[in-house]
Each structure stands twice: as structure tokens, then as C-alpha cells.
1. Taking the range 100-117 as the search range and keeping residues that are open to solvent by less than 90 Å² (accessible area, probe 1.4 Å) and free of Cβ contacts under 8 Å to residues at least 24 places away in the same chain, which one is farthest from residue 53 (Cα to Cα)?
2. Please specify each residue of the range 28-43 satisfying the condition of being under 10 Å from residue 150 (Cβ atoms) and either open to solvent by 60 Å² or more (accessible area, probe 1.4 Å) or among the polar types (S, T, N, Q) (or both).
3. Here are some residues: 234, 244. Which one is aliphatic (A, V, I, L, M) and open to solvent by 90 Å² or more (accessible area, probe 1.4 Å)?
4. I'd like the full set of residues that are assigned to a strand (DSSP E or B) and either open to solvent by 70 Å² or more (accessible area, probe 1.4 Å) or over 17 Å from residue 52 (Cα atoms) (or both), limited to the range 146-176.
5. Kindly indicate which of 84, 13 is buried (at least 18 other Cβ atoms within 10 Å of the Cβ) and at pLDDT 95 or above.
6. Is it true that some residue in the range 207-224 is at pLDDT 95 or above and touching a Gly at 6+ places or on another chain (Cβ under 7 Å)?
7. If the requirement is being within 12 Å of the ligand (Cβ to nearest atom), in a helix (DSSP H, G or I) and without any contact (Cβ under 8 Å) to a residue 40 or more places away in the chain, which of these qualifies: 134, 124?
8. For the range 198-220, give me the residue count where each residue is without any contact (Cβ under 8 Å) to a residue 24 or more places away in the chain and open to solvent by 60 Å² or more (accessible area, probe 1.4 Å).
Amino acid sequence: MVKLITKTQQLKEERASEIGDVGFVPTMGNLHAGHIYLLEEALKVNDVVYFSIFVNPKQFGPNEDFDKYPRTIENDIALIGECEKKYPRKKVVLFSPEDVQEIFPQNSDTQISVQTLSTLIEGALRPGHFDGVATVVYRLFDLVKPKIAYFGLKDYQQYLVIRQMVKDLNIPLEIIGMPIIRDESGLALSSRNQYLTTEQKKNALILSQTLKKIKSVIDNKKSNIDQAKKEIEIILKDNNWNYIELRDAETLSEDISSSRKLTLLAVYQLGTTRLLDNLQMEIE
Ligand code: PAF
């Protein structure tokens with residue numbers, strides 16, 4: 001049975017009693033196969049997995065979907081329980097704080113900011129978003145003290161921000177970025193996909209298909225990058241694209257003249273729903 005903890009003090013006590021390796025999967029809940037994939041990977045290599053569900057107010061802008069973000073704790077517990085059953089020698093501890101103050105006590109006034117990475121691309125469109133992410137993840141790392149923490153690479157910029165924070169603050173843990181899980185149509189799984197109507201779901205295919213097409217134009221060759229950039233310019237004439245950015249995969253720098261690893265990051269907007277996706281590639 002999944003051990004559910006809702007209070008920080010209880011979490012600290014539980015954590016202090018662990019003797020084996022602790023893995024950690026932080027989430028905002030409304031779990032799908034992508035989250036369960038992270039949990040399974042964590043269960044394979046750790047003795048205990050701490051799994052958090054917390055819809056973090058600090059990472060939502062004033063006009064974003066904090067209030068309507070799907071909260072489905074009963075179903076989430078059932079999914080975690082199913083997964084835990086497959087690993088009878090392992091334990092899952094679910095931390096789902098009952099109150100925001102369990103994470104951010106009333107007078108807390110500190111923010112973590114990974115300055116450069118947080119203000120590029122997605123960060124430029126959502127000011128403060130990555131500071132909110134870094135601040136909550138730092139707090140959760142401090143409580144859980146995991147050996148390894150798992151993040152989905154669908155939020156690739158988030159993964160880079162967290163990796164940089166861990167390096168800069170010398171936090172003793174390993175960050176593992178896990179491949180994107182897609183549905184049969186190619187759409188990257190996301191809790192926000194459920195905001196889409198049937199019609200919008202069909203239109204959403206353009207996102208993964210366009211990224212694949214641009215990747216195939218580049219075909220791992222530096223000499224094709226200019227052509228790919230021209231095609232991106234034409235594609236961006238469709239206003240539903242918030243951006244398509246071809247960047248250095250480590251720094252997100254626009255200057256990719258000597259980059260070996262590239263990332264193609266995009267957001268396609270359908271109604272008020274912003275769909276994120278990315279592809280990684282290597283240059284020969
Ligand atoms: O990726 C998410 O679900 C969230 O941004 C995270 C990492 C759990 C922080 O709230």
C-alpha cells in the first residue's frame with residue numbers, strides 16, 4: 001500500500017528512518033503514463049521512491065491555469081499503487097502536502113533563480129515561471145534528500161534549469177532526464193492535453209510532426225541548418241506557434257555554429273492550451 005504523507009514534519013520523520021537508496025519523482029499530479037514511467041524507472045534502481053504531488057502556485061503566472069489545473073489525487077494514488085505492486089520489495093512514499101504552507105511557510109521570502117536559463121525562450125514568455133519551479137524543487141530536494149531525482153524531458157528547459165541549480169548549489173544528488181512518452185498519434189503526454197477538444201487533439205498533431213520534419217531536414221548535418229532555419233521562418237507564419245527554436249542543447253544559446261548537440265524546442269497553442277514539445281539531435 002502506498003504510504004501517503006501530507007505533513008512536512010511527518011515526511012522528515014519518515015525520511016530520517018530510511019536506510020536504503022532514495023529516489024525522487026516530483027510531480028503536480030493528474031498522473032499519466034509519462035509520470036508512471038518515471039516512477040517505474042525510479043523503483044528499478046532505488047530501494048525507496050519518494051513521489052510528490054504538489055500543484056505549486058509559485059510557477060503559475062497570474063493569468064495561468066493554477067485554479068483549473070486538474071487535481072485527481074484518488075486516481076493518482078490508485079495508479080501509484082498499481083505500479084508499486086510490481087515491485088514487492090520496494091516502497092513508495094507519496095508526499096501530497098495538504099496545504100501550501102507545508103512547502104512555503106507563511107513568512108518564507110526566498111526564491112531560487114537560475115538567472116540565464118530561466119529567462120530564455122519559455123522563460124521569456126512566462127516571467128518568473130522557472131524561478132517558481134527552481135524554488136519548489138530546491139525545497140523538495142531539501143526535504144527528501146534523494147540520491148537520484150527523475151524529470152521528464154518533455155519540459156526540457158525545466159530539466160536544464162534544475163540541472164544548473166543542482167550544479168551551482170552543489171546539491172549532492174543526480175538528476176536523470178527521462179525520454180518523452182507520446183500517445184499513438186505522437187502527441188507528448190501532458191496533464192494539460194485533457195483541456196483539448198477532439199478537434200484540437202487532431203490539430204495538435206502538427207506539433208510533433210513539424211518537429212520531426214525539421215529534424216529530418218537537418219539530418220544531423222551542419223550544412224543543412226540554414227535550410228532548416230528558413231523552413232522554421234515559414235512555419236512560424238502560422239500564429240498558433242508561440243515559438244520554434246533551434247538551440248544548443250546544453251546552454252540554449254542561439255549561437256549553434258560549433259554545437260554538437262542541438263535541441264529543437266516548440267510551443268503550439270490551441271485555444272488557451274499551450275502544448276510543449278522538443279526533439280534532440282546530434283551534428284556529425
Ligand atoms: O514538471 C512538473 O510537474 C513541475 O514543474 C515540478 C517539477 C513538479 C515542479 O513543480
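1. In the first step, residues of the range 100-117 are kept if they are open to solvent by less than 90 Å² (accessible area, probe 1.4 Å); the result is 100, 102-105, 108, 112-114, 117.
Still in the list and also free of Cβ contacts under 8 Å to residues at least 24 places away in the same chain: 105, 108, 113.
Details: 105: 17, 108: 21, 113: 22 Å.
The residue in question is 113.
2. Answer for the range 28-43, where residues must be under 10 Å from residue 150 (Cβ atoms) and either open to solvent by 60 Å² or more (accessible area, probe 1.4 Å) or among the polar types (S, T, N, Q) (or both): just 37.
3. Working: 244 fails: open to solvent by 90 Å² or more (accessible area, probe 1.4 Å).
Every option except 234 fails the conditions.
4. From the range 146-176, those assigned to a strand (DSSP E or B) are 148-152, 174-176; that's our starting set.
174 - this is the single residue of the range 146-176 that is assigned to a strand (DSSP E or B) and either open to solvent by 70 Å² or more (accessible area, probe 1.4 Å) or over 17 Å from residue 52 (Cα atoms) (or both).
5. Working: 13 fails: buried (at least 18 other Cβ atoms within 10 Å of the Cβ).
When all the criteria are applied, what remains is 84.
6. The initial filter retains those residues of the range 207-224 that are at pLDDT 95 or above, namely 207-224.
Of the ones still in play, those that are also touching a Gly at 6+ places or on another chain (Cβ under 7 Å) are 208-209.
Looking through the range 207-224, at least one residue is at pLDDT 95 or above and touching a Gly at 6+ places or on another chain (Cβ under 7 Å).
7. Details: 124 fails: within 12 Å of the ligand (Cβ to nearest atom).
Within the list 134, 124, the selection yields 134.
8. Within the range 198-220, the first condition is being without any contact (Cβ under 8 Å) to a residue 24 or more places away in the chain, and the residues that meet it are 198-199, 201-202, 205, 209, 213, 216-217, 219.
If we keep only those that are open to solvent by 60 Å² or more (accessible area, probe 1.4 Å) as well, we get 198-199, 201-202, 209, 213, 216, 219.
Residues that pass the stated criteria total 8.
The values are calculated or read from the model by the stated rules, or taken from the named source; none is laboratory data. Since the model is a prediction, treat every value here as computed from it, not as a measurement. So basically every Cβ, Gly included, is an ideal-geometry build from the backbone, and we count neighbours across all protein chains shown. Remember, those area values only see protein heavy atoms, side chains included, never the ligands or the DNA or RNA. Shrake-Rupley method; radii C 1.70, N 1.55, O 1.52, S 1.80 Å.
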